[in-house]
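Here the structure is laid out as structure tokens; the discussion comes afterwards.
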Amino acid sequence: MTVYAFAPIGFDGELVTVEVDLRRGIPSVDLVGLPDGAVKEARERMRAAIRNSGFQFPLDRLLISLAPAGIRKEGASFDLAMAIAVLAASGQVPDSDASLMALGELELSGRIRPVSGVLPAVAAGLRAGVPRFIVPVENIAEARALAGDRAAPIAGLADCVDLASGLRAAYEPGSSPAAARPDESPAPSGDSEAPAAPNGDEPCDMADLRGQPRLRRAMEIAAAGGHHALLFGPPGVGKTMAARRLVGLLPDLDDDDAIAVTTLHSLAGTLPDRACLIRRPPFRSPHHGASAEGIVGGGRSWKPGEISLAHAGVLLIDEAPEFRSDVLQALREPLEAGKVTIVRADRVVSYPSRFMLVASCNPCPCGNLGRKGAVCLCSADEIRRYWKRLGGPLLDRIDIRLPVWPATPEELSSGPGETSAAIRTRVAAARAVQRARFASSSCKLNGRMGVGAIDAFCRLGGEAEARLTEMAAKTGFSSRACHSTLRVARTIADLAGMDDIEREHIDEAITLRRYGDDDIFWMIP
């Protein structure tokens, strides 16, 4: 019997083969293969769990090898694999020619505790042809999202006898149960569904936002095309409220994105127990004191950061100028590449990070610039320094920049606005048009179009082309700004159900693009 464990290093991780050698000598357990402290401590947990589960710990000299030896092994998920390998080597569980992957942490009583990283472990095992998986009961829904009936739950170490017996029977000559065939590739379960990823609040509806028609329209366009957005205005005008409701305008994730999102949250340990595939786009809103490793990912164990946990969803950077400058500037490459590469001295890992960025900020440090009846005490230099914290290169990658004014008393006292469900219907229709348009390319949404796709799919009428040329010359748009305007205009035309981009689409796209340094002064009444 070949027993595998899993080392969660990077998005794909590494399979680890657990080998056990018993030989005569003073009873002891030697563990090799670059184990960390938690893995070394498994020797004592395993000894107690085996005895308390009705087995006998071998009174021999044990050598447990975790291969490949050059990869550092961290965490407690190796406990169950090592215990099963020891029981198989000592003849206390039925042996077979088959292989299996075992994941779980041992309690001294023999009970199996849930672990993180089960979904990427199962994916790695399926790629390598591992036919069976043994996981804690709390992780079985996550494992079966990919492995189906090949994954078996285990509540305690005593259950491994029955599991191993069933495994040997499944691979006896002449038997070929469908659940154990290693050549099958089970599709994701259609009913594998879980709530939005952790760190999302209770479901919020856009109907809660009173007034603010331009803000609601900007959120609809951003959702339809996957555009990044910057919302700036005085405190309390609804910037954060609208941004938190943006994720409710997005349609459910397809199978590929659902597997990627669930894998990332499983690696980070933020997936709830007994959760299956995450079908709703995730929403992440990190604190402004977060470190670069917390936002981008990395650290000692190369875990995914907030930008990866927001993959296929929304990342809200609230009060953006309060974040550290190096954290904000680290967002630039992932915004364009859709992935983040973490380079360390001994390893390079990559995680997907294609998210919608929504940044919010005040117009000035005190927040009173542009507010009627309030006095702004900030000097022009203070305002410029405040905006320079965002940096021009980062702002230039944001398609939608919208100033948000306070709603009038009449708007605040009005009834609920249009619901998120109604807006989501239009967003889904626009995204369906984009899926058909980009069916033969890796690009899925207008907000991700490259230069070649813009040339091919952003056809302009005569008036629209003249208008864009005029405004680009007047405002000093860079080539990136012109491309950004065309992407937003393409989304506006898709929402309108039109094949060509007309002048009114260009006009609306231009009004949704503001800089926020010198141009911020246009907010002053």
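The values are calculated or read from the model by the stated rules, or taken from the named source; none is laboratory data. Keep in mind that this is a model prediction, so the values were computed, not measured. Cβ atoms come from the backbone with ideal geometry, glycine included; neighbour counts cover every protein chain shown.
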Inset, instruction - Could you tell me whether any residue of region 14-36 is more than 24 Å from Ser266 (Cβ to Cβ), outside any strand (DSSP E or B), touching a residue at least 40 places away in the same chain (Cβ under 8 Å) and not assigned by TED's automatic domain parsing to the domain that holds Ser350? - result: no
Legend entry - Extreme residue, modelled with the highest pLDDT, among residues of region 445-470 that are of a type in the set (D, E, K, R) and either part of a helix (DSSP H, G or I) or surrounded by 18 or more Cβ atoms within 10 Å (Cβ to Cβ) (or both): Arg448
Legend entry - Close pairs (7 angstrom Cβ cut-off, 6 or more residues apart or separate chains): at positive phi in region 382-400, not charged (D, E, K, R) anywhere: Gly391/Leu328; Gly391/Gln329
Legend entry - Selection within region 361-393 - surrounded by fewer than 21 Cβ atoms within 10 Å (Cβ to Cβ) and not in a loop (DSSP other than H, G, I, E, B): Ala380, Asp381, Glu382, Arg384, Arg385, Lys388, Gly392, Pro393
Legend entry - Where Arg324 falls short, out of the listed (1) crowded, with 20+ Cβ neighbours inside 10 Å; (2) more than 27 Å from Ala143 (Cα to Cα): (1)
Legend entry - Among the candidates Gly54, Gly125, Gly117, Gly75, residue that is over 27 Å from Val32 (Cβ atoms), touching a helix residue (DSSP H, G or I) at 6+ places or on another chain (Cβ under 9 Å) and in contact (Cβ under 8 Å) with a residue 40 or more places away in the chain: Gly54
Inset, instruction - Collect the residues in region 342-360 that are at pLDDT 90 or above and either part of a strand (DSSP E or B) or out of contact with any Ser or Thr (no Cβ under 8 Å at 6 or more places or on another chain) (or both), keeping them in residue-number order. - result: Ser350, Tyr351, Pro352, Arg354, Phe355, Met356, Leu357, Val358, Ala359, Ser360
Legend entry - Residue that is surrounded by the most Cβ atoms within 10 Å (Cβ to Cβ) [pool: residues in region 471-484 that are assigned to a helix (DSSP H, G or I) and in contact (Cβ under 8 Å) with a residue 40 or more places away in the chain]: Ser484
Inset, instruction - Starting from residues that are at pLDDT below 90 and in a strand (DSSP E or B), keep the ones in region 270-301 and report whichever is surrounded by the most Cβ atoms within 10 Å (Cβ to Cβ). - result: Gly297
Legend entry - Criterion: buried (at least 17 other Cβ atoms within 10 Å of the Cβ) and either of a type in the set (Gly, Ala, Ser) or within 32 Å of the chain's Cα centre (by Cα) (or both) - qualifying residue of Leu62, Leu15, Leu31: Leu15
Inset, instruction - Select from region 251-265 the residues that are surrounded by fewer than 24 Cβ atoms within 10 Å (Cβ to Cβ) and touching a residue at least 40 places away in the same chain (Cβ under 8 Å) and write down the one among them that is farthest from Pro114 (Cα to Cα). - result: Pro251
Inset, instruction - Would you mind stating whether Val115 is outside any helix (DSSP H, G or I), of a type outside the set (D, E, K, R), surrounded by fewer than 24 Cβ atoms within 10 Å (Cβ to Cβ) and in contact with a Ser or Thr (Cβ under 8 Å, 6 or more places away or on another chain)? - result: no
Inset, instruction - With respect to Arg397, determine if the residue is more than 22 Å from the chain's Cα centre (by Cα), among the basic types (Lys, Arg) and under 25 Å from Ser325 (Cβ atoms). - result: no
Legend entry - Residue count for region 394-403, restricted to those that are modelled with pLDDT under 90 and in a loop (DSSP other than H, G, I, E, B): 2
